[in-house]
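Chemist: This is the structure I have questions about; it appears just below.
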């Protein structure tokens, strides 16, 4: 299996080559810039100090920015489960989209088609586990929102690209926004830590719990992203912990 890409190499990567088996994750981002031309310029400008391995354009065309066996600079400070500095272990995929700061929009059909094709290719090549296909906000929940609540995680999961719950949507809707007690909130956070999310420390605790909850909602409860833990969020988190194995 091969992928058709256009080469437009970035200067922004570690010069030391990594080993094939070090690659464990695929991380999705949106570009978060007003237009695609500026996004490409930034990802290839050595002054920006940011890059990714691939960029998926609005029309679905794929640009290869950094060779896969080199570490691109896409994740920053990040963690998942016992892994730190996710750049070392991941393939970064940027998707052209203005993001939350510039009239965030749905991803195009062409982009979704390319996301599936590219990701399936990488999964097969590097034997990447479904649970290690993540968004930037999963691995950096206290500072990132991308790829956001419009990213088609549910659709992708049906094609075995990324994790999703297997709960009845109608039943979930009935318990949406129903309050939980403080012990259930603690259990919700414990579930998130089991899934892989960063632990909330005591500094700015309440603010960071809200940010962590929003990251979870952007991924697994996309209709309502309010940072409030409710019965729906709790049930989804329980279900996901069962499906991790």
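The values are calculated or read from the model by the stated rules, or taken from the named source; none is laboratory data. Please read all numbers here as calculations on a predicted model, not as lab measurements. As a convention, Cβ positions derive from the backbone with ideal geometry for all residues, glycine included, and neighbour counts pool all protein chains shown.
Chemist: What's the number of the only condition in (1) more than 30 Å from residue 21 (Cβ to Cβ); (2) within 17 Å of the chain's Cα centre (by Cα); (3) not in a helix (DSSP H, G or I) that residue 154 fails to meet?
Modeler: Exception for residue 154: condition (3).
Chemist: Find the residue count for the stretch 150-171, including only residues that are within 20 Å of residue 94 (Cβ to Cβ), crowded, with 19+ Cβ neighbours inside 10 Å and in contact (Cβ under 8 Å) with a residue 60 or more places away in the chain.
Modeler: 2
Chemist: Which members of the stretch 213-245 meet the condition of being more than 16 Å from residue 197 (Cβ to Cβ) and either within 19 Å of the chain's Cα centre (by Cα) or buried (at least 23 other Cβ atoms within 10 Å of the Cβ) (or both)?
Modeler: 222, 223, 224, 226, 232
Chemist: Filter the stretch 42-76 for residues that are crowded, with 18+ Cβ neighbours inside 10 Å, out of contact with any helix residue (DSSP H, G or I) (no Cβ under 8 Å at 6 or more places or on another chain) and assigned to a loop (DSSP other than H, G, I, E, B) and give the result.
Modeler: Those that are crowded, with 18+ Cβ neighbours inside 10 Å, out of contact with any helix residue (DSSP H, G or I) (no Cβ under 8 Å at 6 or more places or on another chain) and assigned to a loop (DSSP other than H, G, I, E, B): 53, 66.
Chemist: Continuing with this model, one more query. Only residues that are part of a loop (DSSP other than H, G, I, E, B), at negative phi and crowded, with 19+ Cβ neighbours inside 10 Å: list them for the stretch 1-41, please.
Modeler: Scanning the stretch 1-41 gives 10, 12, 23, 31, 33.
Chemist: If only one of 129, 194 is touching a residue at least 40 places away in the same chain (Cβ under 8 Å), assigned by TED's automatic domain parsing to the domain that holds residue 237 and over 24 Å from residue 99 (Cβ atoms), which one is it?
Modeler: Answer to the selection: 194.
Chemist: Check the stretch 200-212 and report whether any residue there is within 30 Å of residue 102 (Cβ to Cβ), within 14 Å of the chain's Cα centre (by Cα) and either loosely packed, with under 14 Cβ neighbours inside 10 Å or not assigned by TED's automatic domain parsing to the domain that holds residue 29 (or both).
Modeler: Yes, there is a match, as at least one residue in the stretch 200-212 is within 30 Å of residue 102 (Cβ to Cβ), within 14 Å of the chain's Cα centre (by Cα) and either loosely packed, with under 14 Cβ neighbours inside 10 Å or not assigned by TED's automatic domain parsing to the domain that holds residue 29 (or both).
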